[in-house]
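Have a look at the structure below before the remarks.
Taken together, the values in this text are just the output of simple stated rules run on the coordinates, not laboratory data. These figures come from a predicted structure and were not determined experimentally. In this analysis, Cβ positions are derived from the backbone assuming ideal geometry, glycine residues included, and neighbour counts consider all displayed protein chains.
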C-alpha cells in the first residue's frame, strides 16, 4: 500500500473523515498507512458492529486504490462528492448479501449504520 495514497493525500483523508463521521467518531489524519490501519481497527465495537465496520474499511481502501489507478492510468478524476456514497452502497450490498437477518433499507444504512449493524 502506498502511504501517500492511503494516509497523506488530502482527498483521501477527507474520505476517511467522512466514513468515520458516518460511524460516529472523529478521524485524526495519521502519518502513515500503518497508523491508519491501527486507528481504524482499534475501536471497541461489538462483534456485530465490527462485522460491518471491517468491510467498510476494506471497501474504502479498495475504492481508494481503484480510484488512484483510474487517475494515474486512465486520466479519470477523483469525484469527492460521490466517493463516500459508493462506499455506503457497496457495503450495503455486501452486508445484505451475507446477512439473512439484515432487514434495513439503504436509507437506514446511510443514516443509522450503527443501529443497522445490530441486525447483522
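As a proxy for reagent exposure, 84, 108, 31 were ordered by neighbouring Cβ count within 10 angstrom, fewest first; the result is 31, 108, 84.
For a distance above 15 Å, tell me the whole-number percent of Cα pairs in the range 10-80 that qualify. Please list the in-between numbers first.
Numbers: 1418 of 2485 pairs.
Value for the range 10-80: 57 percent of Cα pairs lie more than 15 Å apart.
Axis angle, to the nearest 10 degrees, between helix 47-74 and the longest C-alpha principal axis of the chain: 30 degrees.
When the Kirkwood radius is taken over all Cα pairs of the chain, what Stokes-Einstein diffusion coefficient follows at 10 °C and 1.306 mPa s, in µm²/s?
Values: Rh = 14.8 Å.
In µm²/s, the coefficient is 107.
With both labels modelled 7 Å from their Cα along Cα-to-Cβ, the residue 17 to residue 31 distance reads 2.1 nm. Computed from Cα positions, the angle between helix 83-98 and the longest principal axis of the chain comes to roughly 40 degrees.
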